[in-house]
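Notes to accompany the following structure.
The values are calculated or read from the model by the stated rules, or taken from the named source; none is laboratory data. Bear in mind that the values here come from a model prediction, so they are computed numbers and not experimental data. Cβ placement follows ideal geometry from the backbone for every residue including glycine, while neighbour counts extend to all protein chains displayed.
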Amino acid sequence: MRNFFRILWRVISAPFRLILWIFGRIFTWISNVSQDVKKLFTAEPEDKPITDTIAAALNEPKEFWGALVEHLDALRKHLFRALIVIILTTSASAFFIRDLLEWISEPVGGVNSLQAIEVTEPLGVVMRVALLSGFALALPYLTFELYLFIAPGLKARARVLGLITIPIAFLFFVGGMAFAYFVMMPAALPFLLNFMGIPTAVRPSSYIKFVTGLMFWIGIAFEFPLVIFAMAGMGIVRAKDLARQWRIAVVIIAVLAAAITPTIDPVNMGLVMGPMILLYFLSIGLAFIAQGRRERQHE
């Protein structure tokens, strides 16, 4: 009889014990996450000279290879999660692929104005747009995974700065893509499509490759100030050196603009050079700020 009541009690209390177990697991997960977050922003990495690191690796090769395998395993996990996110964002982009294609081809009259020649051309266009838009959507998370991989080797202040930089970097990238689409393309396409008065039948593959490539590389170029800011914070570059070499920088920017610009006329090349020159001088200001912070930390 006693066993019967014990079994009955376990059956009756099973849902409540299940709820308590779920809440316990959630509480444990929250506690572990809070400890990891606290450690991320407070723990300082072991700062050893590179000579000591090389000597330790030569004296204890097993420990060195063990640490290397551990880092490679952590990198594998980060890459796997990043791949999963890219698959999800690419799948979501493929769901709205018709709207994306219509938006991208709007400067030339929409999708119906594109004329495919090869049988597999529309399929290749769809895959390219879905993959690139999926990459753009996943970029903040990809940057965050990269940050999580290198964060243990950074100091606490650098970790906080890196975490703040992630959304700013994404905004710069989106700003560069918007500049390419709304400023450069309306100025470049009329010149390209009516050059020498020859009418152009726009192919989907060439047009989509041209537009997506232009938007991507201009978006990457807009990341330049943040790269300079990070390099100045690490002491690799100095604001005075950047300001002193501005003439050489303008020449380099002109070469890059000529490589990125889809046309050979100076007007469109100037549309690329102007923002890049402004970004360079913005980089000098950011480098001055980062350099000042670094010098105050070492006082």
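Give the number of residues within the stretch 104-142 that are free of Cβ contacts under 8 Å to residues at least 12 places away in the same chain, under 29 Å from the mean Cα position of the chain (by Cα) and farther than 21 Å from Thr200 by Cβ.
Of the residues in the stretch 104-142, 2 are free of Cβ contacts under 8 Å to residues at least 12 places away in the same chain, under 29 Å from the mean Cα position of the chain (by Cα) and farther than 21 Å from Thr200 by Cβ.
Can you name the condition, by its number, that Arg159 falls short on among (1) at pLDDT 75 or above; (2) of a type in the set (Lys, Arg); (3) in contact with a helix residue (DSSP H, G or I) (Cβ under 6 Å, 6 or more places away or on another chain)?
(1)
So in the stretch 211-247, with the set limited to residues that are aromatic (Phe, Trp, Tyr) and under 14 Å from Met177 (Cβ atoms), which one is surrounded by the most Cβ atoms within 10 Å (Cβ to Cβ)? Show your work before the answer.
So in the stretch 211-247, the residues aromatic (Phe, Trp, Tyr) come out as 216-217, 222, 224, 229, 246.
Still in the list and also under 14 Å from Met177 (Cβ atoms): 216-217, 222.
Working: Phe216: 17, Trp217: 17, Phe222: 23.
Applying the filter and picking the extreme gives Phe222.
Quick one: which residue in Val183, Val227 is closer than 20 Å to Leu278 by Cβ, not hydroxyl-bearing (Ser, Thr, Tyr) and not assigned by TED's automatic domain parsing to the domain that holds Gly124?
Values: Val183 fails: not assigned by TED's automatic domain parsing to the domain that holds Gly124.
Residue meeting the stated conditions: Val227.
Kindly indicate whether any position in the stretch 80-91 is out of contact with any strand residue (DSSP E or B) (no Cβ under 9 Å at 6 or more places or on another chain), within 19 Å of Tyr181 (Cα to Cα) and modelled with pLDDT of 85 or more. Full working, then the answer.
Taking the stretch 80-91 first, the residues out of contact with any strand residue (DSSP E or B) (no Cβ under 9 Å at 6 or more places or on another chain) are 80-91.
Of the ones still in play, those that are also within 19 Å of Tyr181 (Cα to Cα) are none.
Checking the stretch 80-91: not a single residue is out of contact with any strand residue (DSSP E or B) (no Cβ under 9 Å at 6 or more places or on another chain), within 19 Å of Tyr181 (Cα to Cα) and modelled with pLDDT of 85 or more.
For residues in the stretch 112-136 being assigned to a helix (DSSP H, G or I) and of a type in the set (S, T, N, Q), which is farthest from Thr89 (Cα to Cα)? Can you show your working first?
From the stretch 112-136, those assigned to a helix (DSSP H, G or I) are 112-113, 121-136; that's our starting set.
Subsequent filtering for residues that are of a type in the set (S, T, N, Q) retains 112-113, 133.
Details: Asn112: 26, Ser113: 28, Ser133: 8 Å.
Applying the filter and picking the extreme gives Ser113.
Kindly indicate which of Thr165, Thr200 is polar (S, T, N, Q) and not in a helix (DSSP H, G or I).
Working: Thr165 fails: not in a helix (DSSP H, G or I).
When all the criteria are applied, what remains is Thr200.
So Ala178 clears everything in (1) in contact (Cβ under 8 Å) with a residue 24 or more places away in the chain; (2) surrounded by fewer than 16 Cβ atoms within 10 Å (Cβ to Cβ); (3) under 17 Å from the mean Cα position of the chain (by Cα) except one condition, right? Which one?
Only one criterion in (1) in contact (Cβ under 8 Å) with a residue 24 or more places away in the chain; (2) surrounded by fewer than 16 Cβ atoms within 10 Å (Cβ to Cβ); (3) under 17 Å from the mean Cα position of the chain (by Cα) is unmet by Ala178, namely (1).
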